[in-house]
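The values are calculated or read from the model by the stated rules, or taken from the named source; none is laboratory data. Note that this is a predicted model, so its numbers are computed, not measured. With ideal geometry, Cβ positions are generated from the backbone for all residues, glycine too; neighbour counts draw on all protein chains shown.
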């Protein structure tokens, strides 16, 4: 019985080593093939051409082996990330973007769209990763996404700083006013907080989240009459 177990283990280890070895051989073979028939710039140009022609599935298939063979190539990563975004795979695009050095990222429409999609899908932790890398901090739209994400993760001081930046560089949006109010509540500034949440609610009276938050804010600040009136309103 012991001999049988040893034999099974030997076969398992041998199979694993063979697999890992064959994987390296395959990658080396691909590298030799691409180096023989293409130059790095030619590969990037071909991928970019396919992407520009909106052949997103073809671009993905073309880039898959290249990302394995040339894991440090920034051009391949950028094209692949944008390509995943165009296919609606925001998380995969963000994952690739995360591996691109900050100095190689440009503030552009597609990157902003990716951050917006992460925000709309509630991926606050992923957004904070880009915030911590300093990506598009001065863009008022992405600054709002970062401010809300930081609030969701309990980083209230940073959240308030980002939201104040947005407030100082654009007009007051209901969502911005709402999260400013929630942050101020955390700091114990209840009257000021109620004012911001009230502004959000009065800008969008059909929003039940704003209404409930304002009722709670009134109660916390001792404005029980206002809370009761709002509670009874339709």
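Filter the stretch 65-76 down to residues that are assigned to a helix (DSSP H, G or I) and within 22 Å of the chain's Cα centre (by Cα), then give me how many there are.
Taking the stretch 65-76 as the starting set, the residues that turn out to be assigned to a helix (DSSP H, G or I) are 65-69, 74-76.
In the following step, the residues that additionally are within 22 Å of the chain's Cα centre (by Cα) were identified as 67, 74-76.
Of the residues in the stretch 65-76, 4 are assigned to a helix (DSSP H, G or I) and within 22 Å of the chain's Cα centre (by Cα).
Take residue 206 and decide whether it is part of a helix (DSSP H, G or I) and either under 34 Å from the mean Cα position of the chain (by Cα) or closer than 23 Å to residue 156 by Cα (or both). Give the steps one after another, and end with the answer.
Values: part of a helix (DSSP H, G or I): no; either under 34 Å from the mean Cα position of the chain (by Cα) or closer than 23 Å to residue 156 by Cα (or both): yes.
It is false that residue 206 is part of a helix (DSSP H, G or I) and either under 34 Å from the mean Cα position of the chain (by Cα) or closer than 23 Å to residue 156 by Cα (or both).
If you check residue 98 against the conditions, is it touching a helix residue (DSSP H, G or I) at 6+ places or on another chain (Cβ under 8 Å) and either free of Cβ contacts under 8 Å to residues at least 24 places away in the same chain or surrounded by 21 or more Cβ atoms within 10 Å (Cβ to Cβ) (or both)? Before the answer, list the steps.
Working: touching a helix residue (DSSP H, G or I) at 6+ places or on another chain (Cβ under 8 Å): yes; either free of Cβ contacts under 8 Å to residues at least 24 places away in the same chain or surrounded by 21 or more Cβ atoms within 10 Å (Cβ to Cβ) (or both): no.
No, not satisfied.
Go through (1) modelled with pLDDT of 95 or more; (2) assigned to a helix (DSSP H, G or I) one by one and return the number of the condition residue 225 breaks.
Among (1) modelled with pLDDT of 95 or more; (2) assigned to a helix (DSSP H, G or I), residue 225 violates only (1).
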